[in-house]
Every structure is written in C-alpha cells, then in structure tokens.
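*Asks:* To start, I am sharing the structure in question, which I have written as structure tokens.
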Amino acid sequence: MGRHNHEVAEMLQRAAAAQREADVLCAQAAALVRPRGRAGQIRDGVVRRRYAALPNSVPLARAAVARLAVRAGVCPGRLDGIRLAVSEAMTNVVVHAYPSRTGAIHLTAALTDEALTVLIADDGIGPRATPRDPGPGWGWPLMSGCCDTLSITRRGQGGTLVEMRWMIDVDSRAQLRASPPVAAEAGRA
C-alpha cells in the first residue's frame, strides 16, 4: 500500500506541474487573441467569465482563478488545490451538465479580506444520476478536500451552482492592497 500511495503522490505532483505549465501557456495564448483591456483583466479582486461548456474552457477558467489567487498571496501548495478544484468543477459541467446540447459555464471569483470565493454555475440538467452516469464519483470529494468550504446546489432556474471558498491570510491581503498590479493580469504576459 505504501508504494501505491507514493506512486499516486508522484503522479499528482507531475499533474500539478503540468497543470501550472498549461495555465501559463493558455494565458499567453489568450493574451495573443483577445484585445487588451477586456477579458482577462482582474478588476477590484473580481473575475467574471462566461465560457462555452467545452474542454478547452477548463484551463482558461483555471488560469483566471489562479491569477486572482496569486494576487491574494496564496502559497504554491494551496494554489495547486485551487487549480484542481476549479478544474474539477469546470470539467463536471463539460461532462455532465449538457448531455444533449451545448451550453454555458458562468464563473465568478472574488477576493475579500478573508477569502477567495469561486462560483461555477451552469444552466444544464442539474446534479442527477442517469443510467450512463450512476451519480457522484471522485469529483465532489476531491473538490471538498481542496477547499475550506464547498456547496453544491441545484439552481432554481435549472442547472447547478458550485460554491468553493478558501480562507486567505489577512496579512497577505494587506500586502496586496499596497502592491501594484502585475503585468500578466492585464494581459501583457
């Protein structure tokens, strides 16, 4: 069992490193194809995006939230958990929310003095088991292990809302307010 756990830990470390590299590449590519001063900027500690429920949206959302978390002074280990939870929530929408049509993913991430809160919503079928998909698998427990609080609810107008929260060190936020914005946040990376 010990060797298995070690192999799993190594795989997770390699996956986290690959994820960080992919985030950088996606952010650079996105900066090349969008006009400056629009999507991609973080204004007043809030990120709002609408993505197509497609696999290529996952790394874009992950990178946007990661940039905001970096601004908050989140440590690298905690940042990996944030990336993983956002990836999982986005992937759940891509795979499960729209079984017979395309749809949208709505992402909002916000910094307060105490926390980073990420909301990922869809207008799909909502959390339910189907014969093809018997119910929650590893994703929800994985997300729960990565964040301080996790809430998954059925939206009144249809779809699912995932709310994840990570507590942020107040001293880190004070430093953030005193520091100038990073060039990469303005799409100049």
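*Asks:* Under the condition of being surrounded by fewer than 15 Cβ atoms within 10 Å (Cβ to Cβ) and within 25 Å of Thr91 (Cα to Cα), which residue from segment 156-188 is modelled with the highest pLDDT?
*Replies:* So the residue we want is Met167.
*Asks:* Can you spot a residue in segment 72-91 that is in contact (Cβ under 8 Å) with a residue 12 or more places away in the chain and assigned to a strand (DSSP E or B)? Walk me through it before giving the result.
*Replies:* Within segment 72-91, the subset in contact (Cβ under 8 Å) with a residue 12 or more places away in the chain is 72-74, 78-91.
Subset that is assigned to a strand (DSSP E or B): none.
So far as segment 72-91 goes, no, none of its residues is in contact (Cβ under 8 Å) with a residue 12 or more places away in the chain and assigned to a strand (DSSP E or B).
*Asks:* If a residue must be in a helix (DSSP H, G or I) and either touching a Phe, Trp or Tyr at 6+ places or on another chain (Cβ under 7 Å) or at pLDDT below 95 (or both), how many such residues does segment 38-65 contain? Walk me through how you get there before you give the answer.
*Replies:* Taking segment 38-65 as the starting set, the residues that turn out to be in a helix (DSSP H, G or I) are 57-65.
Then keep just the ones that are either touching a Phe, Trp or Tyr at 6+ places or on another chain (Cβ under 7 Å) or at pLDDT below 95 (or both); that gives 57, 60-61.
Matching residues across segment 38-65 total 3.
*Asks:* What number goes with the only condition from (1) at pLDDT 95 or above; (2) under 15 Å from Cys147 (Cα atoms) that His106 does not pass?
*Replies:* (2)
Rundown of residues vs (1) at pLDDT 95 or above; (2) surrounded by fewer than 18 Cβ atoms within 10 Å (Cβ to Cβ); (3) in contact with a Leu (Cβ under 7 Å, 6 or more places away or on another chain); (4) aromatic (Phe, Trp, Tyr), yes/no style:
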| position | (1), (2), (3), (4) |
| --- | --- |
| Ala69 | no, no, yes, no |
| Val86 | yes, no, no, no |
| Tyr98 | no, no, no, yes |
| Thr102 | no, yes, no, no |
| Leu119 | yes, yes, yes, no |
| Asp123 | no, no, no, no |
| Arg128 | no, yes, no, no |
| Arg132 | no, yes, no, no |
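The values are calculated or read from the model by the stated rules, or taken from the named source; none is laboratory data. Small disclaimer: the values here were computed from a predicted structure and weren't measured. No Cβ is skipped: glycine too gets one built from the backbone with ideal geometry, and neighbour counts run over all protein chains shown.
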